[in-house]
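All remarks here apply to the structure that follows.
Please treat every number below as a calculation from the coordinates, not as lab data. Bear in mind the structure is a predicted one, so any value in this text is a computation, not a measurement. Methodologically, a virtual Cβ is constructed for each residue, glycine included, from the backbone with ideal geometry; neighbour enumeration extends over all protein chains shown.
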Amino acid sequence: MSKYLLNKFLYTVDRDPELVERYREDAVGTVTWWESERANELLNCTVQEKSTWLAFTDEERRALSEHDHVALFELGAHPFLTLTLFIALFERDHGPLEYQKAYGRALQHLTLPYPDVST
């Protein structure tokens with residue numbers, strides 16, 4: 001499991017409006033494409049360098065493909081990165097703050113200590 005890779009996906013997709021829409025419309029295809037094409041790029045690097053070893057686990061891939069923010073949180077994805085991306089994905093389908101409140105309610109079953117979100 002790579003919390004770094006989960007957080008990198010959330011961060012990079014959230015910062016690109018075209019990727020947000022692509023992920024909203026075709027989550028499975030976007031996750032598959034991103035993992036094969038972007039996962040091993042160095043973050044914020046202008047030189048085209050790549051690593052070769054980063055990949056999602058099946059559990060991570062499933063959670064991302066299903067937009068499952070609860071599973072992502074339980075896997076250690078940073079809650080602020082998940083929340084900001086999921087607001088961009090789904091807030092438009094709800095009234096003011098409805099999505100954020102539903103997001104919080106879905107996480108109510110969790111108690112301290114929360115999963116470690118350090119990378």
Among THR111, THR82, THR30, rank each residue by its count of other Cβ atoms within 10 Å, from fewest to most, as a rough exposure measure.
THR111, THR30, THR82
May I ask for the net charge around GLU18, where only other residues with Cβ less than 15 Å from the Cβ of GLU18 are counted and Lys, Arg are +1 while Asp, Glu are -1?
-2
For segment 72-81, just list the computed ³J(HN,Hα) in residue order, Karplus coefficients 6.51, -1.76 and 1.60, θ = phi - 60°, integers in Hz, with x standing in for Gly and Pro.
4, 4, 5, 7, x, 5, 5, x, 6, 5
Looking at the P(r) of segment 3-106, how many percent of alpha-carbon pairs lie beyond 25 Å?
16 percent
Which value, in debye to the nearest 20, describes the size of the charge dipole of segment 3-106 about its Cα centre when Lys and Arg Cβ atoms bear +1, Asp and Glu Cβ atoms bear -1, and nothing else is charged?
260 debye
